[in-house]
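This report concerns only the one structure given below.
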Amino acid sequence: MNLLVTGGSGFIGSNFIRYLLTETDFSGRVINVDCLTYAGNIENLSDIEARYSDRYIFIRENICNLEGMAKIFDYYSIDSICHFAAESHVDRSIAAPDAFIQSNIIGTYNLLELARKRKPRIKRFHHISTDEVYGSLGASGYFTEISPYQPTSPYSASKAASDHLVRAYWHTYELPVTLSNCSNNYGPYQFPEKLIPLIILNAMAELPLPVYGDGRNIRDWLFVRDHSAALWAILQYGRPGETYNIGGNCEIENIRLVEQVCEIIDAMPALECNSSRKDLITYVTDRPGHDRRYAIDASKINTELQWAPETPIETGLRQTIEWYIANRQWVSRVQTGAYRNWIKQHYQM
């Protein structure tokens, strides 16, 4: 397998590549293509690059550059694609949706066209999406693979559009695609703008902990390693043309999640403070169109591919907090942008 991983220097992509090369029987090559936007960090895989120099290749390229991507497809004889590359932060999509249209829709279209024109050698095109395409749930029920799409933000609308394109290439051209829609991921290497790392880092520094609205919005949380295992199962055994929902079986209100992070950090001797970090919780104006509840029914992937999440939220949060504590230099470099200077020095970019 010559596996093209787009967006492999981002949070989920880098964790997937790490999982693939260190915890599975995968024996092929990984070609990681990432344009290194603010959330892409080549340092996420610097140890992997050193350890697997014969099987891991990094290329800085933008999936919106059709000519550049065509050269990569042909030079490396790409036969499988795992497509992570996307703009993914809802708040940013509200402020500046144009980048989401370009990356999430045009970029996905480019990859589909390149794969279609090389279809005889393409074994699998897997597209990673989000549960946000389904919109908001009420107090009960779950999203399934046949739930109607009702996106409510520019981000989720752009992902919904890309999902429809991928399915169209299966029905129209018989391109061997699979799709997955996952719930909220968390774990090591996540960019600090997202809720869990933001709360961890602010709590460590005894800064205000912002919570939107009344804090009662509910999300289903999925540890990133569990997500990686699900994706590898789909790449190997998923049925072409099918969608698989990937959830963590872990619904929790945002406010309770924040409180749980505070409780874990408060109990760490090295991070003692004079009062509970819960006192730092600050309610802020809710964002526009904030969906109330997401919850995934993952019974299809469990039944067909025998996958289920393994990491309880308490374990996953503790491992994540410990990682951020142990990697303060990574955090500092990401927050200051210093890693971009490191990239220039090491990759002449």
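The set of residues from the range 178-207 being touching a strand residue (DSSP E or B) at 6+ places or on another chain (Cβ under 7 Å) and either surrounded by fewer than 21 Cβ atoms within 10 Å (Cβ to Cβ) or closer than 22 Å to Tyr134 by Cα (or both) comprises Thr178, Leu179, Ser180, Asn181, Cys182, Ser183, Asn184, Asn185, Tyr186, Asn202. Within the range 195-226, being within 22 Å of Ser276 (Cα to Cα) and assigned to a loop (DSSP other than H, G, I, E, B) holds for Ala205, Glu206, Leu207, Pro208, Gly213, Asp214, Gly215, Arg216.
Say we look at the range 91-107 and pick out the residues that are touching a helix residue (DSSP H, G or I) at 6+ places or on another chain (Cβ under 7 Å) and of a type in the set (A, V, I, L, M); which of these is nearest to His127 (Cα to Cα)?
Ile105
Among the residues of the range 78-97, those identified as modelled with pLDDT under 95 and either among the acidic types (Asp, Glu) or within 20 Å of Glu242 (Cα to Cα) (or both) are Glu87, Asp91.
If you go through the range 280-325 and pick out every residue that is surrounded by 13 or more Cβ atoms within 10 Å (Cβ to Cβ) and part of a helix (DSSP H, G or I), you end up with 18.
Considering only residues that are among the hydrophobic types (A, V, I, L, M, F, W, C) and either assigned to a loop (DSSP other than H, G, I, E, B) or closer than 12 Å to Gly213 by Cα (or both), which ones fall in the range 249-279? It would help to see each step written out before you state the result.
Looking only at the range 249-279, we keep the residues that are among the hydrophobic types (A, V, I, L, M, F, W, C), and these are 250, 252, 255, 257-258, 261-262, 264-265, 267-268, 270-271, 273.
Cys250, Ile255, Ala267, Met268, Cys273 - these are the residues of the range 249-279 that are among the hydrophobic types (A, V, I, L, M, F, W, C) and either assigned to a loop (DSSP other than H, G, I, E, B) or closer than 12 Å to Gly213 by Cα (or both).
Quick check: anything in the range 62-70 farther than 22 Å from His164 by Cα, surrounded by 15 or more Cβ atoms within 10 Å (Cβ to Cβ) and modelled with pLDDT of 95 or more? Spell out how you get there, then give the answer.
Start the filter on the range 62-70 by keeping residues that are farther than 22 Å from His164 by Cα, which leaves 67-68, 70.
Next cut, surrounded by 15 or more Cβ atoms within 10 Å (Cβ to Cβ) only: 68, 70.
Still in the list and also modelled with pLDDT of 95 or more: 68, 70.
Yes, the range 62-70 has at least one match.
Just a yes or no: is a residue in the range 168-176 in contact with an Asp or Glu (Cβ under 6 Å, 6 or more places away or on another chain), surrounded by 22 or more Cβ atoms within 10 Å (Cβ to Cβ), in a helix (DSSP H, G or I) and touching a residue at least 24 places away in the same chain (Cβ under 8 Å)? Outline the logic, then answer.
As a first pass, look at the range 168-176 and keep what is in contact with an Asp or Glu (Cβ under 6 Å, 6 or more places away or on another chain): none.
Within the range 168-176 (the criterion being in contact with an Asp or Glu (Cβ under 6 Å, 6 or more places away or on another chain), surrounded by 22 or more Cβ atoms within 10 Å (Cβ to Cβ), in a helix (DSSP H, G or I) and touching a residue at least 24 places away in the same chain (Cβ under 8 Å)), the answer is no, since none of the residues qualifies.
Restricted to the range 41-57, and to residues there that are buried (at least 19 other Cβ atoms within 10 Å of the Cβ) and touching a Leu at 6+ places or on another chain (Cβ under 7 Å), the residue that is modelled with the lowest pLDDT is Ile42.
The listed residues are Asn249, Asn274, Asn245, and the only one of them that is surrounded by fewer than 23 Cβ atoms within 10 Å (Cβ to Cβ), polar (S, T, N, Q) and in contact with a strand residue (DSSP E or B) (Cβ under 8 Å, 6 or more places away or on another chain) turns out to be Asn249.
Considering (1) under 30 Å from Ile94 (Cα atoms); (2) hydroxyl-bearing (Ser, Thr, Tyr); (3) over 19 Å from the mean Cα position of the chain (by Cα), the lone condition that Thr243 does not fulfil carries the number (3).
The values are calculated or read from the model by the stated rules, or taken from the named source; none is laboratory data. Please read these numbers as outputs of a predicted model, since none were measured by experiment. Note that each Cβ is placed from the backbone with ideal geometry, even for glycine, and that neighbours are counted across all protein chains shown.
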